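Let me begin by presenting the structure, written as structure tokens, before commenting on it.
The values are calculated or read from the model by the stated rules, or taken from the named source; none is laboratory data. Predicted model, so just to flag it, every value in this text is computed and none were measured. Cβ coordinates were reconstructed from backbone atoms using ideal geometry, including for glycine residues, and neighbour counts include every protein chain displayed. Keep in mind that these areas ignore ligands, DNA and RNA; they rest on the heavy atoms of the full protein, side chains included. Shrake-Rupley method; radii C 1.70, N 1.55, O 1.52, S 1.80 Å.
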Amino acid sequence: MTTESTARPSDGSVRTPSVPGEYQLPVHFGVVVLCTITLPLVLWFIYPKAPQNGWGWDLLMGTGMLGAGMMLALPLVAPRVWVYYGGDAQALRSLLNLHRDVNYAVLVLVLIHIVGLVVIDRTTIEYLKLSAPLSMLAATVASLLLLVITLTSRYRTALRLRYPSWHAWHVGMSVLAMTFMAFHIVDAGYYVNSPVKKAVFIVLVAGPSLVTFGLSRWHRKFGSATWRGLDSRSQPVLQLPATRGFSVRLVVLLGVFWLLWMICFSIPDGGSRGDAQVTLCRASECE
Amino acid sequence: MRIVLVITLIAISVIGYRATMIRNAALLPVAFEHLDHSDEACITCHHNYIDDTGYDSCYSCHKHDPTVALEIESMFHDFCRTCHIEKAQLGEASGPLRVCAECHHEGGRRSQNLN
């Protein structure tokens, strides 16, 4: 990520021409998106910290949490809202690509989270059944909704879905998917494990959606007298490569960040579960 | 509108079928070591000693009593895990916390054979 200026007009603002093949996001907007993605992870490490469950298990849980964070950022990068607030066609096209790529990244992370857990602990397959607890059932529904949203968006024209009805369903299913995802994390209550953390998480879930919804309503009410937060012609911008592999690179980058964090987190502390305690719990002697 | 109606009907059917599935689901084998829990007061788990709510084994009663049968998963998991997590957070020996297979493994008691 680089902040680049190519021309400086007389008013002192930084102008960057639109370059095909690049995402151009105002710096402060990029920071907000990045914070939204990482804050759920940060919650994990705030007191009272959940005890460890082994490196593989915690890593897969973190993968799911990272996917949740990226899911929360999706409404922020919905071009439909920002189209009212300035920004040239290229900026909005970049935003659309980013929305799509972040969504693919969420799908990848959710898939790793689910398949990985089944691989390292076959018993977790019980949580994919209809008899699973509601919080797990909610996660399954959220994942399926995410898949439906992705497929209907990717193949909208092939499926002959009219834009207005597709858009209404897209928004409705997205809100449902995020609600179910939030219920999954809050009701499981292991990493988001205190009333304060739960309240903060709910704000994190509702915040981006409410902000984007509010901005679109604001525009309808007050017309053009609005915040031009996405106008890349008058602000310093982040320039990111908009190649097909960007979502993969984004996941890898955040994965490396997460891995480093996990290594720090996995240093044994007083609250960790020791292996000796597990071996004491023998079934053969159970009466 | 028709789609919403169909989805609502499917959701209602699923919710009804889910209750049947929970009642009929076989319980997983569970590893439990009494000696590991000897620091706890008996009535912490064996509440029926004082409240006369049942005389059979824990699993049998919670599985077959219709008033609690649908909540068996959350009742056992919340009960065991809450205590284990509290101990782990205090730095004490805690036992398994979250990983399913640490309690539910083949060497465990075959609770689904209870009738």
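For helix B:2-24, report the angle its Cα long axis makes with the longest principal axis of the Cα atoms of chain B; keep it between 0 and 90° and round to the nearest 10°.
30
So how much accessible surface do B and A hide from each other in total, probe 1.4 Å, in square angstrom to the nearest 100?
3000
Over all residues in A:48-61, what is the mean tally of Cβ atoms on other chains that come within 10 Å of each residue's Cβ?
3
Output the relative contact order of the range A:135-204, whole-number percent, from Cα pairs under 8 angstrom with separation of 6+ residues.
42
Taking each residue in A:35-41, count the Cβ atoms of any other chain within 10 Å of its Cβ, then average. What number comes out? Intermediate results must be reported in sequence, preceding the final value.
Details: counts 0, 0, 0, 0, 0, 0, 0.
For peptide A:35-41, the averaged partner shielding equals 0.
Compute accessible area for the range B:30-59 by itself and then with all protein chains, 1.4 Å probe, and report residues whose area falls by 30 Å² or more.
The answer is B:A31, B:F32, B:E33, B:H34, B:D36 - residues whose exposure falls by at least 30 Å² when every protein chain is included.
For A:L151, A:L59, write out the residues from largest to smallest accessible area, computed with a 1.4 angstrom probe and no ligands counted. The partial results should precede the final answer.
On the way: A:L151 90, A:L59 40 Å².
Most to least solvent-accessible, the answer reads A:L151, A:L59.
For the peptides B:58-64, A:197-203, A:65-71, what is the packing order when you average, over each peptide's residues, the other Cβ atoms within 10 Å and list the highest mean first?
Ranked by mean Cβ neighbours within 10 Å, highest first: A:65-71, B:58-64, A:197-203.
Express the relative contact order of the range B:1-109 as a whole percentage, based on alpha carbon pairs under 8 Å and six or more residues apart in sequence.
With pairs under 8 Å counted, the relative contact order is 37 percent.
Are there residues in the range A:149-190 whose accessible area shrinks by at least 50 Å² when all protein chains are included rather than the chain by itself, and which are they (probe 1.4 Å, ligands and nucleic acids not counted)?
A:W169, A:Y190
Where the accessible area of the range A:97-137 is counted over protein heavy atoms with a 1.4 Å probe, how much of it, in %, is carbon and sulfur?
72
Can you pull the mean other chain C-beta count within 10 Å for peptide B:16-22?
3
Probe radius 1.4 Å, ligands and nucleic acids ignored: give me the carbon and sulfur share of the accessible area of the range B:28-113 as a rounded percent.
59
Once the mean 1/r over all distinct Cα pairs of chain B is inverted, what Kirkwood radius in angstroms do you read off?
In chain B this quantity evaluates to 16.6 Å.
Could you pull out every one of the lysines with an alpha carbon less than 26 Å from that of B:K87, ignoring same-chain neighbours closer than 8 positions?
B:K87 reaches A:K49, A:K197, A:K198.
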